[in-house]
Number of protein chains: 2
Amino acid sequence: MIRVLLVHDAGLLRSGLEALVSKAHDMTIETAGWSRSLPATRTTPADVCVMDTEGLRDSALDELAAALRRAGAKGSRMLALADADRPGALRRALDAGVLGFLDRNATPDRLLTGIRNVAQGKRFVDESLALAFLRASEMPLTARELAVLKVAAEGAGIDEIARDLSLSGGTVRNYMAAITRKTGARNRVDAIRISQRAGWL
Amino acid sequence: MIRVLLVHDAGLLRSGLEALVSKAHDMTIETAGWSRSLPATRTTPADVCVMDTEGLRDSALDELAAALRRAGAKGSRMLALADADRPGALRRALDAGVLGFLDRNATPDRLLTGIRNVAQGKRFVDESLALAFLRASEMPLTARELAVLKVAAEGAGIDEIARDLSLSGGTVRNYMAAITRKTGARNRVDAIRISQRAGWL
């Protein structure tokens, strides 16, 4: 039996996905919201952890990956549901050690296939996500630029960003100019919008 | 039999919700993504149309409501899945004529109860959404201010907003100042962030 831990924050959608997995005779399933997912890794040993990348807050996936490793669940065999038009979310999932990537638009059968592959430690990627992976590899911003943009996106002005990241105002301005140029944006608001839409932020 | 039309853009989550509704013996269900939802109202007469407000683009709900009315589906008996912390999305759904509101965190039983109530033309609102409705009634921005903020959120500068909306630059600046004050924001980026988080934008 493949033991599946399913993490999704919206209870109703979690129940829906649970209903799909329950139909497979070779799987058992436990579910949790993100806030309960970390303790769940301790109480419910799982072979595969399935999670939706939608609405995922920044460090949640890293924390879950670490918790799965601590729980000794064969490394971190994670299967992420991803949107084809959000390469940034894909990239962050890849960096967190996710093994399988399933299009949120996939069929229920594909979900079961993905779970079985990842349970065996195999990489699994939906074809429809290929272009998003290519775009994910082209992420134009450096880690420092992303950090600046993230604080800016929270509504901080130049001075506040500088204080937050222990930089000079001039340096922050230079970063913002580079970010705007690299994302092909018209201005700061546009750079934030473009980066959020792609899932970089 | 209650005929349900379920609209969700992510195929896998749509299948999951379909599995939950399929368990009810008094319902039949058809599903569609948003792009197919308008033709679906013509080919599949439905008593209740269930949709997720997540990731909903601006006018989609209004267009669906109009299509349902044209199809003569007893007015527009719609049941929306909503997040408790996005009063703006709730408000737009209310304005579009949605009759029932179900928390995205609800149980499968609650979904069926919601469908049955809305099928009878009854208003249905999850208790957990009550506070969000209160906050939705407190939306601080006028329609014109929202229009300005929406163009700004797309990355347009003052001049471009003025051109887009046939206003003077000074007027746009006044609107932006009012928006920043009313939303309790620190600056324009912050006002956009606050309004997006609440679902006003």
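Data overview
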{"read-out": "Inter-site label distance for B:S59 and B:S168 at 7 Å from Cα along Cβ, in nm", "value": "3.0 nm"}
{"read-out": "Cβ-based charge dipole, segment B:2-137, positive-most Cα from B:A82, B:G72, B:A10", "value": "B:G72"}
{"read-out": "Size of charge dipole - the protein assembly as shown - debye, nearest 20, with Cβ of Lys, Arg +1 and Asp, Glu -1, no other charges", "value": "280 debye"}
{"read-out": "Most mobile listed residue (A:A143, A:A178, A:A60) in chain A, GNM with C-alpha springs under 10 Å", "value": "A:A143"}
{"read-out": "Flagged links, alpha-carbon separation over 24 Å, of A:K122/B:K23; B:K23/B:K122; B:K122/B:K150", "value": "A:K122/B:K23; B:K122/B:K150"}
{"read-out": "Cα centroid of segment B:144-172 to Cα centroid of segment B:62-125, whole Å", "value": "32 Å"}
{"read-out": "Residue among A:G114, A:G97, A:G170 with the largest mean-square fluctuation in a Gaussian network model of chain A, springs linking Cα atoms under 10 Å", "value": "A:G170"}
{"read-out": "Counted charge near A:Y175, where neighbours are those whose Cβ lies closer than 13 Å (Asp, Glu -1; Lys, Arg +1)", "value": "+4"}
{"read-out": "GNM flexibility winner over chain A from A:A40, A:A71, A:A106 (Cα, springs under 10 Å)", "value": "A:A106"}
{"read-out": "DSSP beta bridges in chain B [antiparallel fraction, %, rounded to 5]", "value": "0 percent"}
{"read-out": "Around A:P108: net Lys/Arg minus Asp/Glu count, Cβ-Cβ under 12 Å", "value": "0"}
{"read-out": "Chain A, dipole about Cα centre (Lys/Arg Cβ +1, Asp/Glu Cβ -1), debye to the nearest 20", "value": "340 debye"}
{"read-out": "MRE, 222 nm, helices only [DSSP H, n ≥ 4, -39500 (n - 2.57), over chain B, to nearest 500]", "value": "-15500 deg cm²/dmol"}
{"read-out": "Rotational relation B to A, axis-closest Cβ in chain B, residue and distance rounded to whole Å", "value": "B:G16, 1"}
{"read-out": "Label-point gap, in nm, between B:R69 and A:A147 - each point 7 angstrom along Cα→Cβ", "value": "5.3 nm"}
{"read-out": "Relative contact order computed over chain A (Cα-Cα under 8 Å; 6+ residues apart), in percent", "value": "16 percent"}
{"read-out": "Shape of segment A:81-201, Cα gyration tensor, a/c cut at 1.5", "value": "prolate"}
{"read-out": "Around B:G16: net Lys/Arg minus Asp/Glu count, Cβ-Cβ under 9 Å", "value": "0"}
{"read-out": "Ascending list, in nanometres, of distances separating the B:T113 label from those of the other copies (7 Å, Cα toward Cβ)", "value": "3.9"}
{"read-out": "Segment B:143-198, relative contact order in percent, only Cα pairs under 8 angstrom and at least six apart counted", "value": "29 percent"}
{"read-out": "Sparsely packed trypsin sites (Lys or Arg not before Pro) within segment A:89-163, loop by DSSP, other Cβ within 10 Å at most 16", "value": "A:K122, A:R123"}
{"read-out": "Average beta-carbon neighbours from other chains, 10 Å sphere, peptide A:153-159", "value": "4"}
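Each reported figure results from applying straightforward, stated rules to the coordinates on display, with no laboratory input. Keep in mind the model is a prediction, meaning the values are calculated, not measured. Note that each Cβ is placed from the backbone with ideal geometry, even for glycine, and that neighbours are counted across all protein chains shown.
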